[in-house]
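Notes follow the structure.
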Amino acid sequence: MKRRVGLICILLTVMLGLDTGAISWIQDIAEIIHLMDDEDTKENLRSQNVSQEQYEAFCEYEKDGNYSRYEYLCGYLFTGEESQKSLEQYLKQVKRYEKENFSCMVAYEKAIWSDLKYFPVPASRGDERTVSFENSWMSERTFGGKRGHEGTDLMASLNQRGHYPVISISDGVVEKIGWLSQGGYRIGVRAPNGAYFYYAHLYDYADGMEEGVEVKAGELLGFMGDSGYGEEGTVGKFDVHLHVGIYLNDENGEEFSINPYWIMKYLEDKRLTSQYE
Ligand SMILES: [Zn+2]
């Protein structure tokens, strides 16, 4: 009798163990599906809050791991986990239960990160002209109606239009060029993996820039200025700076913006040097 009770106890323990295991497994799946459904997912994608060190860690994970750097990066943005092991646990599940949704997110990450080569403003050879920037993602702007700031402003230490060269962050094709009432003289370059890099408030353009022209990363696009906030030719409504925007198209072809701040931080030490005028 004693032995039977013992056996039943063991059996019950095993079953309970299995049950709690199964429950937490179901919870994990539900959490993964919920994560991919959530509005926060898109916000996490758009704010792209990842430090250079963290991004470089994902490049390392990729070398001996089963996943690409962009998959690790997505995993990090959606779960906040940093270690390779926890990320791989998540990735294994998400790729099993939310395959399509997840691969779409990974494609966005690849579009954002894989074509980045240079910081858009080269360092000045022989003098102290610099740029500074902060994370002003979605901070309030009022020209053209109340709206959130969808870019990063690289502010010139010397407030004079036409001095700082602006170069292309990536290879690509000039998709748009010309005046916009908000952006002033702007140029937009479509990179090979699909991201659209938008450079606004220019003073003027480099020779030969027009729609359809192919550019190489590091190629001169124009010069930094303070154009915009009015009819064509308006200048001086704000200090000289380069507004950088990054846009992607979703699966329905709708454009949405990404916060360029962390990408600019990542590119900060990938700066060319140039002889300024
Ligand atoms: Zn701006």
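The values are calculated or read from the model by the stated rules, or taken from the named source; none is laboratory data. Treat the numbers as computed from the prediction; the structure is a model and nothing was measured. Heads up, the Cβs are rebuilt from the backbone with ideal geometry, glycines too, and the neighbour counts pull from every protein chain shown.
Brief remarks on what is shown
- Failed item in (1) in a loop (DSSP other than H, G, I, E, B); (2) modelled with pLDDT of 95 or more; (3) among the hydrophobic types (A, V, I, L, M, F, W, C), with Trp137 passing the rest: (2)
- Here is the figure for region 144-154: residues that are more than 10 Å from the ligand (Cβ to nearest atom) and in a loop (DSSP other than H, G, I, E, B) total 3.
- Taking the listed residues Gly212, Gly218, Gly172, the one that is free of Cβ contacts under 8 Å to residues at least 40 places away in the same chain and at positive phi is Gly212, with no other qualifying.
- Residue check for Ser157: over 17 Å from the mean Cα position of the chain (by Cα) and within 15 Å of the ligand (Cβ to nearest atom): no
- Pick from region 225-249, criterion part of a strand (DSSP E or B) and surrounded by fewer than 22 Cβ atoms within 10 Å (Cβ to Cβ), ranking: nearest to the ligand (Cβ to nearest atom): Gly245
- Hey, Ser168 more than 16 Å from the ligand (Cβ to nearest atom), within 23 Å of His241 (Cα to Cα), under 17 Å from the mean Cα position of the chain (by Cα) and among the polar types (S, T, N, Q) or not: yes
- Test for Arg161: is it free of Cβ contacts under 8 Å to residues at least 24 places away in the same chain and either crowded, with 21+ Cβ neighbours inside 10 Å or touching a Gly at 6+ places or on another chain (Cβ under 8 Å) (or both): no
- Residue match in region 92-105 (condition: over 20 Å from Asn44 (Cα atoms) and part of a loop (DSSP other than H, G, I, E, B)): no
- Ser132 passes every criterion in (1) of a type in the set (Ser, Thr, Tyr); (2) loosely packed, with under 14 Cβ neighbours inside 10 Å; (3) within 13 Å of the ligand (Cβ to nearest atom) apart from (3).
- If you go through region 48-82 and keep only what is surrounded by fewer than 17 Cβ atoms within 10 Å (Cβ to Cβ) and either closer than 21 Å to Ser24 by Cα or touching a strand residue (DSSP E or B) at 6+ places or on another chain (Cβ under 9 Å) (or both), you end up with Gly80, Glu81.
- Qualifying residues in region 182-224 (those that are of a type outside the set (Ser, Thr, Tyr) and within 13 Å of the ligand (Cβ to nearest atom)) - the one nearest to Val244 (Cα to Cα): Ala200
- Residue identified as touching a helix residue (DSSP H, G or I) at 6+ places or on another chain (Cβ under 8 Å) and closer than 27 Å to Ser139 by Cα among Tyr266, Tyr247, Tyr203, Tyr199: Tyr266
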